[in-house]
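Following: one structure in structure tokens, then a few remarks.
The values are calculated or read from the model by the stated rules, or taken from the named source; none is laboratory data. Remember, predicted model here, so these are calculated numbers, not experimental data. Here the Cβ is made from the backbone with ideal geometry for all residues, glycine too, and neighbour counts use every protein chain on show.
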Amino acid sequence: MRVDFGAFGAGTAGNVPPAYLESYVVSETDRLTDVILCPPLHLTPVPCCAVTREALAAGFTTDAAEALRQHNMLVEALERHRVRCHSLAPLRDLPDMCFTRDIGVATPWGMTALNPAMPHRRGEVDALLETCAEWKMPVRQITRGTIEGGDVCVAREGLLIVGMSGERSCAAGVEEFAAPFRAAGWDVLLCPVHADHLHLDTIFCMVEKDEAIGCLELLDPTFVEALYERDIKIIPMPTALSFSLGCNILSLGGRRVLTSATDTVVTTALRKAGYAVDEIDISQFAACGGGIHCLTQPLRRIPA
Ligand SMILES: NC(=[NH2+])NCCC[C@H](N)C(=O)O
């Protein structure tokens, strides 16, 4: 498989592949330096989640040119913030491949390739493994149960949060993924998620070490209580954002956040709370069940 470092233009990465790529994330809100994306060349709505089923029922079909335009805007915003964008080469038979979040997670111990529950997404993991091999990046692989990256939040040093619907991420996969964190003494918080909401990242995302946004009414009360006990505040968001993917944002670190242009309520609330926010139109992706968080797989973050 071809690794196309130059796919997204010069940016901070330049056209020369970096000699050494590191997979390292200790917190969702440290400064993002490197991210893995995949251009949506073959994006097609697959009726495997509630949002896409509804979009299809309403007659939605993807507009390839518009999806690419929106994705390019995302890449531009990332590069403006000096984030190096690394690309997986899109494959024709993988319609959800642009949602790179779900197939791998960078951890304090390097890259972990996940095991998606949806059969049509398994080939994406093979593509990630091939690319990491070309990058000479060691990868740990989850094999015993299913787990998808939209459920994983490496919240901050010492705290791992994992959503579990039983449909996408199940107990066996979650425990296999969490094992090194537990072994290192991390606190592991599990959050039950209703399968209609697909992943935890459609209803909850961190914006700072002690602050998150979330659809409070959809979050498990025991989980919310556990966050408060750990001094993590939640800026409450309307329930409807779960389906519009408005809560599905990306922290760039240093109180900078990328949000969806459709859900101005998030932008307004975050600006009011002192965050610098860039809005991006992601309507083509939202209709396919994913937002900005799903489109980005942080590869490396460093303390702000
Ligand atoms: N992290 C996320 N929420 N990813 C969204 C993935 C959407 C994709 N259509 C799926 O159902 O698998």
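Filtering segment 54-68 down to residues that are farther than 22 Å from Ala240 by Cβ and of a type in the set (Gly, Ala, Ser), which residue is surrounded by the most Cβ atoms within 10 Å (Cβ to Cβ)? Talk me through it step by step, then tell me what you get.
Looking only at segment 54-68, we keep the residues that are farther than 22 Å from Ala240 by Cβ, and these are 61-68.
Restricting the remaining residues to those that are of a type in the set (Gly, Ala, Ser) gives 64-65, 67.
Numbers: Ala64: 14, Ala65: 9, Ala67: 23.
Among them, the one singled out is Ala67.
Yes or no, residue by residue, for (1) small (Gly, Ala, Ser); (2) touching a residue at least 12 places away in the same chain (Cβ under 8 Å); (3) more than 18 Å from Leu299 (Cα to Cα):
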| site | (1), (2), (3) |
| --- | --- |
| Trp135 | no, yes, no |
| Gly145 | yes, yes, yes |
| Ala155 | yes, yes, no |
| Gly158 | yes, yes, yes |
| Ala183 | yes, no, yes |
| Trp186 | no, yes, yes |
| Asp201 | no, yes, no |
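Name the pairs: first residue in segment 290-303 and modelled with pLDDT under 95, second residue of a type in the set (Gly, Ala, Ser), Cβ to Cβ under 9 Å, at least 6 apart or on different chains?
Pro303/Ser27; Pro303/Gly253
Within the group Met111, Met118, which residue is surrounded by fewer than 18 Cβ atoms within 10 Å (Cβ to Cβ) and modelled with pLDDT of 95 or more?
Matching residue, one of Met111, Met118: Met118.
With the requirement that a residue be within 13 Å of Pro95 (Cβ to Cβ) and surrounded by 18 or more Cβ atoms within 10 Å (Cβ to Cβ), what does segment 40-53 give you? So that I can check it myself, show each step before the final result.
So the first thing to find is which residues in segment 40-53 are within 13 Å of Pro95 (Cβ to Cβ), and the list is 40-49, 52.
Within segment 40-53, Pro40, His42, Leu43, Pro45, Cys48, Cys49, Thr52 meet the criteria.
Could you check segment 77-95 and list, in sequence order, the residues that are surrounded by 16 or more Cβ atoms within 10 Å (Cβ to Cβ), of a type outside the set (A, V, I, L, M) and under 19 Å from Ile249 (Cβ atoms)?
Quick first cut of segment 77-95, residues surrounded by 16 or more Cβ atoms within 10 Å (Cβ to Cβ) only: 77-79, 81, 83-91, 94-95.
Remaining after also requiring of a type outside the set (A, V, I, L, M): 79, 81, 84-87, 90, 95.
Within segment 77-95, Glu79, His81, Cys85 meet the criteria.
Being touching a Pro at 6+ places or on another chain (Cβ under 6 Å), in contact (Cβ under 8 Å) with a residue 24 or more places away in the chain and of a type outside the set (Ser, Thr, Tyr), is that true of even one residue in segment 112-122?
no
Tell me, yes or no, whether segment 118-134 has at least one residue that is within 16 Å of the ligand (Cβ to nearest atom), within 17 Å of the chain's Cα centre (by Cα) and not in a helix (DSSP H, G or I).
yes
Only one residue in Gly163, Gly173, Gly149, Gly185 is surrounded by fewer than 22 Cβ atoms within 10 Å (Cβ to Cβ) and at pLDDT 95 or above, so which one is that?
Details: Gly163 fails: surrounded by fewer than 22 Cβ atoms within 10 Å (Cβ to Cβ); Gly173 fails: surrounded by fewer than 22 Cβ atoms within 10 Å (Cβ to Cβ); Gly149 fails: surrounded by fewer than 22 Cβ atoms within 10 Å (Cβ to Cβ).
Going through Gly163, Gly173, Gly149, Gly185 in turn, just one is surrounded by fewer than 22 Cβ atoms within 10 Å (Cβ to Cβ) and at pLDDT 95 or above: Gly185.
Since Tyr20 meets every condition but one in (1) modelled with pLDDT under 95; (2) over 21 Å from the mean Cα position of the chain (by Cα); (3) more than 27 Å from Cys153 (Cα to Cα), which condition does it not meet?
Checking Tyr20 against (1) modelled with pLDDT under 95; (2) over 21 Å from the mean Cα position of the chain (by Cα); (3) more than 27 Å from Cys153 (Cα to Cα), the one that fails is (3).
Run down Thr33, Thr44 and say which single residue is hydroxyl-bearing (Ser, Thr, Tyr) and either more than 16 Å from the ligand (Cβ to nearest atom) or not in a loop (DSSP other than H, G, I, E, B) (or both).
Values: Thr44 fails: either more than 16 Å from the ligand (Cβ to nearest atom) or not in a loop (DSSP other than H, G, I, E, B) (or both).
Exactly one residue qualifies, and that residue is Thr33.
Could you please give the count of residues in segment 236-269 that are under 19 Å from the mean Cα position of the chain (by Cα) and over 27 Å from Asp63 (Cα atoms)? Spell out how you get there, then give the answer.
Within segment 236-269, the first condition is being under 19 Å from the mean Cα position of the chain (by Cα), and the residues that meet it are 237, 241-263, 266-267.
Pick out the ones that are also over 27 Å from Asp63 (Cα atoms) and you get 237, 251-256.
Here the count works out to 7.
Find the residue count for segment 154-195, including only residues that are within 11 Å of the ligand (Cβ to nearest atom) and part of a strand (DSSP E or B).
So the count comes out to 1.
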